[in-house]
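See structure below.
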Amino acid sequence: DERRVHLAEGVRTTAAWVDAQATFVEWVRPDAGAICCVRLRPAMFDDAAVARFYQVLASESARVGNGTWFGEEPRVFRLGFGALAKSDLDAALTRVSIALEKTVPAIA
């Protein structure tokens, strides 16, 4: 069905983004659904960098679900990939990438 195709495309897009950002993040690829958990790599993000990431993310007008909202550590966030059109998901992931790179500029 159309929804299943849309979700499959969203998870493929998100997987490619995670691969491209592997220096900064890791994830648990979902078996189903429209949301995944992404984790800022501890080697790259100390507590201060995690806080900066969320500040920069807000300045880029990008939103994710902070892990603390779900009983996780702050370096974990939930990322929705199932509700947006492909072009909107691409744009959102680009904004998250910019936030990652601005947070850890020595690597970017």
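Worth a mention:
- With both labels modelled 7 Å from their Cα along Cα-to-Cβ, the Ser87 to Thr13 distance reads 1.1 nm.
- Shown for the chain: the carbon plus sulfur share of the solvent-accessible area, taken with all protein chains present and a 1.4 angstrom probe, equals 54%.
- For the chain, the calculated P(r) over all alpha carbon pairs, in 5 Å bins from 0 to the bin holding the longest distance, is 2, 13, 24, 26, 19, 10, 4, 1, 0 percent.
- What the chain shows is 57 Å² of accessible area per residue, with the surface traced by a 1.4 Å probe over protein heavy atoms.
- Rounded to 0.05, the FRET efficiency of the Ile35 and Asp1 pair, given R0 = 25 Å and the Cβ-Cβ distance, is 0.85.
- 3J(HN,Hα) along the range 70-85, derived from phi through the Karplus expression 6.51 cos²θ - 1.76 cosθ + 1.60 where θ = phi - 60°, amounts to 10, x, 9, 6, x, 6, 9, 9, 9, 10, x, 10, x, 9, 8, 5 Hz, with x in place of Gly and Pro.
- Most fluctuating residue given options Glu26, Glu60, Glu73, as computed from a GNM of the chain linking Cα atoms under 10 Å: Glu73
- Estimated dipole of the range 1-85 in Debye, rounded to 20 [Cβ of Lys and Arg +1, of Asp and Glu -1, Cα centre]: 60
The values are calculated or read from the model by the stated rules, or taken from the named source; none is laboratory data. Computed from a predicted model, the values in this text were never measured in an experiment. Counting neighbours? That spans all protein chains shown, and the Cβs are built from the backbone with ideal geometry, glycine included. Calculation scope for accessible area: heavy atoms of the full protein, side chains included, ligands and nucleic acids excluded. Shrake-Rupley method; radii C 1.70, N 1.55, O 1.52, S 1.80 Å.
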